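Below: the structure, in structure tokens.
The values are calculated or read from the model by the stated rules, or taken from the named source; none is laboratory data. Computed from a predicted model, the values in this text were never measured in an experiment. All Cβ positions, glycine included, derive from the backbone under ideal geometry; neighbour counts span all protein chains shown.
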Amino acid sequence: MIPYKKLLNIICEELDIKKGEKILEAGSGTGNLALEIKKRGADVTALDNIKIALEMHKQKDNEASVFLWDLTNNLPFSNNYFDKICSNNTIYTISKKKRDNLIKEFYRVLKPGGKIVLSNIHKKFSPKKIYLDHIKYSIRYYGFLKTLKDIFLMLVPSLKMFFYNFKIKKEDKKGEYDFLEKYEQKELFKKAGFINISENKKVYSNQAILNSAYKK
């Protein structure tokens, strides 16, 4: 999807990637962001708790450094290990009670002066707006027929996404999970000790918020 590809590019730009840097992607899924980072010359370590997603990542890049890991546990890395850290649309899937510890773990494994970039969909997230943006850009650049074909190809993954987001909203009633509040990422950074925390940046067809920060 075009809005998704734009989001990956924005995250890479925010990371300001330098050749040879060690970068952690937490919640890497099938590796789309990790591959973009690697293209820019960094060494990427990808963590995810879904085995099949990591297998798909390895199919795309058989030399990828991937780890099956639950982000609610402490990270399996030594202090001050990574130059930079990024995570896209992952923190909101972590239980509210576990988010503080995860961000503190990011702080622990990041080198002094290192940068972190987080992007997550917000509480008023509307998948429909992302799809409408995709259709608008796709028709403009690729024409109606290819756009129609893409829509059919997206049906199954779209249904999965709607189901997952419905589940998150349902669990929110119990106080366990929810989409992030407007300033939640900034507060998580602040509590963990990060500095130079950026203002909110709307991304992903204005359905997600991106923030960056640095370790002292």
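Taking strands (runs of 3 or more DSSP E) as the structural unit, those lying wholly within the stretch 36-98 and holding at least 3 residues that are in contact (Cβ under 8 Å) with a residue 60 or more places away in the chain and crowded, with 21+ Cβ neighbours inside 10 Å correspond to 82-88. Residue 212: crowded, with 21+ Cβ neighbours inside 10 Å, among the hydroxyl-bearing types (Ser, Thr, Tyr) and either at pLDDT 95 or above or at positive phi (or both), yes or no? When the stated conditions are applied, residue 212 passes them. Looking at 78, 95, 65, 87, which is the one that is closer than 17 Å to residue 187 by Cα, out of contact with any Leu (no Cβ under 6 Å at 6 or more places or on another chain) and small (Gly, Ala, Ser)? Answer to the selection: 95. Looking across the stretch 105-128 at every residue that is loosely packed, with under 15 Cβ neighbours inside 10 Å and among the basic types (Lys, Arg), the one that is farthest from residue 70 (Cα to Cα) is identified as 128.
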